[in-house]
Amino acid sequence: MAQMLIANRLGDGLVVFRAADGGWVESINAGLVIEDADEAERLLEQSRVDERDNKVIDPNLIAVTDEAGGLRPVSIREAIRAAGPTIAVDIT
Amino acid sequence: MALVIDGKLVAADPFVRIAAGAAVPANGAVLVTLATWTAQADSLAQRSDPVGVLLGSEESPAALADAVDKLQLIALDFPTFRDGRAYSYARLLRERYGYTGELRAVGDVQLEQLHYMERTGFNAFEIDSDDPVRDLEIANRDFSTWYQPSGDRRQAATRLRSGVRPAQDPSQDPSQDPSQDQEA
Amino acid sequence: MYRYDEFDRTLVDERVEQFRRQVEARLSGDLDEDRFKPLRLMNGLYLQLHAYMLRVNVPYGCMSSVQLRRLAHIARTYDKGFGHFTTRQNIQYNWIKLEETPDILAELAAVEMNAMQSSGNCVRNITADHYAGCAQDEIQDPRVWCEILRQYSILNPEFSYLPRKFKLAVTGAPRDRAAVAVHDIGLRMHLNDAGEPGFEVIVGGGQGRTPVVGKTIREWIEPEHIVSYVEAILRIYNMYGRRDNMYKARIKILVNALGIDKYRELVEAEWNEIREGVLKIDPAEAERIDAYFQPPAYEHMENLHAELEALRSADDAFDAWMRSNVVAHKVAGYSIVNISLKAPGKIPGDLSAAKMDAVADLADEHSFGELRVSHRQNLVFTDVRQGDLHTLWQQLCELELATPNIGLASDIIACPGLDYCALANARSIPIAQDIGQYFSGSLKLQQVGDLTINVSGCMNACGHHHVGNIGILGVDKRGKEFFQLTLGGSSDEHASLGDRVGPGLPQAEVPAAIERIVDTYLELREADERFLDTYRRVGMDPFRAVVYDDDTTDKEAA
């Protein structure tokens, strides 16, 4: 099962995904997809180090699928976190 | 773990904490549990050395209402800093039961809660900090004014607004020194 | 409106600087998240799905045009250009950065606003009747007591680490527009036998997982004792409220466990010790604060019945707006105007920065530079000259803020839901928009009449669904968004909690189910019964029957 690591960045609260180089990126499509369950656990542990280092808050693993439009979390909640609110905002 | 009493770091705690159920030594200042105090109040009260009682967060200070004159230390436990019961206990001990001895906060005590602890009447802190005196200074610097009167007897904004001076304020203890009406 | 004196300003400024220090400690790691979280919550800062959310207090719903312009500036400068007005008369921003929050709070402090205790296990923003001071049925303007209680509760050292959050609501009128019966403490003004105004004190109401209508702990108390009485209630709660389980930590649980009689006994015993002490409200201080709530410089005018009738006859749209959005004022020649933030297709309670500025200008022009936030997520101009009503209506139409739906079916209360909130199970806003579209014609709205529809995205009930005539609760069923319906709730002085209709419906079926419920009401109603009246008369069966047909029951059983 394909997974990714998601968290909120401490300073600005934005949703970020762990990238291959260990950094945290805002775009889900720039994040690292992890197929192996053991690898996922190992990277989750490393993410907790980032949490202790005050870079991110509450890292956790989420299931994702690879669709035509790009990567998409399986759960509604995480999909909304990745793509933003589902309703258009009127700022006129 | 550091101990600060009345703003000063104390190198060694004069009180020895006696675990629940353990025998109380004949001499020396002791800090006992409420259960021990309740069981041995008479003999403990007759000690020439100081006696203190440690209340757990679920133990109401009403149990000590009649004993405040016999105690030199009351310690109130904060099992977690989120457990705010001891703030009420402190106020009751100071304002309702008239306790004037050392009121010590123990347990999960840190900088960010010191100001409220002082305001509710604590004057001693067992705190896990590298520089507890500095922590107290930071906590005291945070606020110079507040809306409510509380266990420390310092003036609140509502009183200061009407220009009431402590000597005229019927709620103040008339024996208190009126020159200490405001603190920085 | 209350204006800060040197003490208020110092307090708010010092809290901002304290928070700045705490944020720096968090960013550097001196404070970890576990220790920092309660501190940031006590300044209204949540971590939500997309970013930090900042909740700013609008004390008992009152603000000035200057303050509204500052709220617009915050939205533009630090957020994405809009804000959301809530069921507790606050405003929320969804895209806030922790690093910028101290600066935001400083900008708010400069216009006498703050976010102190808008979250956290402490006393929250005190809400009140949004028509306070102007309603015809009001016994006494409660705002002086709201401000006194606000100051008493802010940075209160004894009550900043309560078992759980604590909410007060106050009404000065017998008609309860502040939902006091479903708050931790509700204060409702009454006259005693001697004709003196005082408060009925209601305790232990609440929504959430275990909704309950509050119980009267004291039938009547002099206003001068209200602070000491609240302190007694808070102290008993602080000492005896449950700390072992956050879902069982509200005062309503304690009151239920002890029974109201025992709880009253404990509170009255405590109160007797303190009632004559420092908390007895000094008349001079009450006078000082009450001076800020004196009526504005009303002109002496007549009610403009004939003129308004003529305008209404000439224009159906103006007539509809007058009927639903404009309320009688206690001073002749003036009216109370509700500004609907529920236009079709819009997000309930949201307002853009540009429109905030426009509304601020209108407040200056038409309502002495002041306005209110109502717990229905709308705004209110409380003092509009009747001669200006038609002009104001036209100006509001330009801004899409004149939907004639206050208290009607499309005046839907909806929490932000899963589109924004980390606690939610389901999205509230799309459901609210879909239902609102069905009722978007003013003829339909007026035909249906008074009907409150409330949507909550989770059991925390920020949408107040338990007290909606129709309540809609989002639940997560096997990863899909389902919605449970309740009927018969009411937040007024005859408060009631809604009854569950049955198993949850998938999102796509909810608007149609609501339509069938409303159509059933239209078929069954007698005389001028409101929806709530018909429901109370005929009960659940006719409604349940139309909500569930064979298709939906099969889905539930699967």
**Asked** With respect to A:ILE6, is the statement that it is over 19 Å from C:LEU98 (Cα atoms), touching a helix residue (DSSP H, G or I) at 6+ places or on another chain (Cβ under 7 Å) and surrounded by 13 or more Cβ atoms within 10 Å (Cβ to Cβ) true?
**Response** no
**Prompt:** Being touching a helix residue (DSSP H, G or I) at 6+ places or on another chain (Cβ under 9 Å), within 14 Å of another protein chain (Cβ to nearest Cβ) and touching a residue at least 24 places away in the same chain (Cβ under 8 Å), is that true of even one residue in the stretch C:55-65?
**Reply:** yes
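Say whether the condition of being of a type outside the set (Phe, Trp, Tyr) and under 20 Å from the mean Cα position of the chain (by Cα) is met by at least one residue in the stretch C:388-399.
The first filter runs over the stretch C:388-399 and keeps only residues of a type outside the set (Phe, Trp, Tyr), leaving C:388-392, C:394-399.
From what is left, the residues that are under 20 Å from the mean Cα position of the chain (by Cα) are none.
There is no residue in the stretch C:388-399 that is of a type outside the set (Phe, Trp, Tyr) and under 20 Å from the mean Cα position of the chain (by Cα).
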**Request:** Would you be able to say whether some residue in the stretch C:67-80 is surrounded by fewer than 22 Cβ atoms within 10 Å (Cβ to Cβ), out of contact with any Phe, Trp or Tyr (no Cβ under 7 Å at 6 or more places or on another chain) and at positive phi?
**Result:** no
**Request:** Kindly indicate the residue of the stretch B:41-78 that is of a type in the set (S, T, N, Q) and in contact with a strand residue (DSSP E or B) (Cβ under 8 Å, 6 or more places away or on another chain) and also nearest to B:VAL4 (Cα to Cα) among those meeting that condition.
**Result:** B:GLN72
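Check whether at least one residue in the stretch C:534-557 is in a strand (DSSP E or B) and either within 14 Å of chain A (Cβ to nearest Cβ) or in contact (Cβ under 8 Å) with a residue 60 or more places away in the chain (or both), and report yes or no. Break it down into steps so the answer makes sense when it comes.
First, the residues of the stretch C:534-557 that are in a strand (DSSP E or B): none.
No, the stretch C:534-557 contains no residue that is in a strand (DSSP E or B) and either within 14 Å of chain A (Cβ to nearest Cβ) or in contact (Cβ under 8 Å) with a residue 60 or more places away in the chain (or both).
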**Request:** Considering only the stretch C:220-246, state which residues are free of Cβ contacts under 8 Å to residues at least 24 places away in the same chain and charged (D, E, K, R).
**Result:** C:ASP244
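I'm trying to understand the selection: among the residues of the stretch B:69-96, which are assigned to a helix (DSSP H, G or I), more than 12 Å from every other protein chain (Cβ to nearest Cβ) and either touching a Lys or Arg at 6+ places or on another chain (Cβ under 6 Å) or surrounded by fewer than 24 Cβ atoms within 10 Å (Cβ to Cβ) (or both)?
Applying the first criterion (assigned to a helix (DSSP H, G or I)) to the stretch B:69-96 yields B:69-70, B:85-96.
From what's left, more than 12 Å from every other protein chain (Cβ to nearest Cβ): B:69-70, B:93.
Correct list: B:ASP69, B:LYS70.
Determine whether C:ALA320 is assigned to a helix (DSSP H, G or I) and within 14 Å of chain A (Cβ to nearest Cβ). Before the answer, list the steps.
Details: assigned to a helix (DSSP H, G or I): yes; within 14 Å of chain A (Cβ to nearest Cβ): no.
It is false that C:ALA320 is assigned to a helix (DSSP H, G or I) and within 14 Å of chain A (Cβ to nearest Cβ).
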**Message:** Checking the conditions here, which among C:GLN117, C:GLN151 is within 14 Å of chain B (Cβ to nearest Cβ), among the polar types (S, T, N, Q) and in a loop (DSSP other than H, G, I, E, B)?
**Reply:** C:GLN117
**Prompt:** If you scan the stretch C:267-305, which residues turn out to be closer than 20 Å to C:CYS134 by Cα, hydrophobic (A, V, I, L, M, F, W, C) and within 31 Å of the chain's Cα centre (by Cα)?
**Reply:** C:ALA286, C:ILE289, C:ALA291, C:PHE293, C:ALA297
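List the strands (runs of 3 or more DSSP E) that sit entirely inside the stretch A:11-92 and contain at least 3 residues that are within 12 Å of chain C (Cβ to nearest Cβ).
Working: elements: A:15-18, A:56-67, A:70-73.
Ranges flagged: A:56-67.
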**Hey, C:ARG264 more than 26 Å from the chain's Cα centre (by Cα) and either within 21 Å of C:GLN207 (Cβ to Cβ) or not in a helix (DSSP H, G or I) (or both) or not** = no
**Fill in**
Among (1) in contact (Cβ under 8 Å) with a residue 40 or more places away in the chain; (2) touching a Gly at 6+ places or on another chain (Cβ under 9 Å); (3) within 25 Å of C:LEU497 (Cβ to Cβ), C:GLY208 falls short only on (2)
**Request:** Could you look through the stretch C:13-46, keep only residues that are free of Cβ contacts under 8 Å to residues at least 24 places away in the same chain and small (Gly, Ala, Ser), and pick out the one that is nearest to the other protein chains (Cβ to nearest Cβ)?
**Result:** C:GLY29
**Complete:** Taking the stretch C:404-417 and keeping only residues that are under 15 Å from C:CYS458 (Cβ atoms) and in contact with a helix residue (DSSP H, G or I) (Cβ under 6 Å, 6 or more places away or on another chain), one is left with C:ALA414, C:GLY417
**Prompt:** Is it the case that the stretch C:345-358 has a residue that's touching a residue at least 12 places away in the same chain (Cβ under 8 Å), over 27 Å from A:ALA88 (Cα atoms) and part of a loop (DSSP other than H, G, I, E, B)?
**Reply:** no
**Message:** Is it the case, given these coordinates, that C:ALA306 is in a loop (DSSP other than H, G, I, E, B), of a type outside the set (D, E, K, R) and loosely packed, with under 12 Cβ neighbours inside 10 Å?
**Reply:** no
**Prompt:** Is one or more of the residues making up the stretch C:423-437 out of contact with any Gly (no Cβ under 9 Å at 6 or more places or on another chain) and in the same structural domain as C:VAL455 (by TED's automatic domain parsing)?
**Reply:** yes
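Is there a residue in the stretch C:121-129 that is within 13 Å of another protein chain (Cβ to nearest Cβ), in contact with a helix residue (DSSP H, G or I) (Cβ under 9 Å, 6 or more places away or on another chain), in a loop (DSSP other than H, G, I, E, B) and among the hydrophobic types (A, V, I, L, M, F, W, C)? Before the answer, list the steps.
First, the residues of the stretch C:121-129 that are within 13 Å of another protein chain (Cβ to nearest Cβ): C:121-123.
Narrowing the set further to residues that are in contact with a helix residue (DSSP H, G or I) (Cβ under 9 Å, 6 or more places away or on another chain) leaves C:121-123.
From the residues that got through so far, the ones that are in a loop (DSSP other than H, G, I, E, B) too are C:121-122.
Remaining after also requiring among the hydrophobic types (A, V, I, L, M, F, W, C): C:122.
Yes: the stretch C:121-129 contains one or more residues that are within 13 Å of another protein chain (Cβ to nearest Cβ), in contact with a helix residue (DSSP H, G or I) (Cβ under 9 Å, 6 or more places away or on another chain), in a loop (DSSP other than H, G, I, E, B) and among the hydrophobic types (A, V, I, L, M, F, W, C).
Which residues, taken from the stretch B:1-55, are assigned to a helix (DSSP H, G or I) and either out of contact with any helix residue (DSSP H, G or I) (no Cβ under 7 Å at 6 or more places or on another chain) or of a type in the set (Ser, Thr, Tyr) (or both)? Please lay out each step first, then the result.
Residues of the stretch B:1-55 assigned to a helix (DSSP H, G or I): B:34-45.
The answer is B:ALA35, B:THR36, B:THR38, B:ALA39, B:GLN40, B:ALA41, B:ASP42, B:SER43.
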**Message:** Can you tell me how many residues within the stretch B:97-151 are assigned to a helix (DSSP H, G or I), more than 14 Å from the chain's Cα centre (by Cα) and free of Cβ contacts under 8 Å to residues at least 60 places away in the same chain?
**Reply:** 10
**Message:** If a residue must be loosely packed, with under 12 Cβ neighbours inside 10 Å and at pLDDT 95 or above, how many such residues does the stretch C:263-286 contain?
**Reply:** 2
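Condition check: more than 9 Å from chain B (Cβ to nearest Cβ), assigned to a loop (DSSP other than H, G, I, E, B) and either in contact with a strand residue (DSSP E or B) (Cβ under 9 Å, 6 or more places away or on another chain) or surrounded by fewer than 21 Cβ atoms within 10 Å (Cβ to Cβ) (or both). Does C:ARG3 satisfy that?
Numbers: more than 9 Å from chain B (Cβ to nearest Cβ): yes; assigned to a loop (DSSP other than H, G, I, E, B): yes; either in contact with a strand residue (DSSP E or B) (Cβ under 9 Å, 6 or more places away or on another chain) or surrounded by fewer than 21 Cβ atoms within 10 Å (Cβ to Cβ) (or both): yes.
In short, yes.
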**Request:** Considering each of C:ILE236, C:ILE253, C:ILE289 in turn, give the residue that is within 30 Å of C:VAL327 (Cα to Cα), assigned to a helix (DSSP H, G or I) and β-branched (Val, Ile, Thr).
**Result:** C:ILE289
**Complete:** Filtering the stretch C:475-506 down to residues that are touching a helix residue (DSSP H, G or I) at 6+ places or on another chain (Cβ under 8 Å), more than 14 Å from chain A (Cβ to nearest Cβ), part of a loop (DSSP other than H, G, I, E, B) and not aliphatic (A, V, I, L, M) yields C:GLY488, C:GLY489, C:SER491, C:GLU493, C:GLY498, C:GLY502, C:PRO503, C:GLY504
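Determine whether the stretch B:84-91 contains at least one residue that is small (Gly, Ala, Ser), under 29 Å from C:GLN151 (Cα atoms) and in contact with a Gly (Cβ under 6 Å, 6 or more places away or on another chain). Give the steps one after another, and end with the answer.
Here is the first cut: in the stretch B:84-91, the ones small (Gly, Ala, Ser) are B:84, B:86, B:88, B:90.
Retained after the next criterion (residues that are under 29 Å from C:GLN151 (Cα atoms)): B:84, B:86, B:88, B:90.
With the extra rule that they be in contact with a Gly (Cβ under 6 Å, 6 or more places away or on another chain), the set shrinks to B:90.
Yes, that holds for at least one residue.
The values are calculated or read from the model by the stated rules, or taken from the named source; none is laboratory data. Because the structure is predicted, anything quoted here is derived from the model rather than measured. Every residue, glycine as well, gets a Cβ built from its backbone with ideal geometry; the counts of neighbours run over all protein chains shown.
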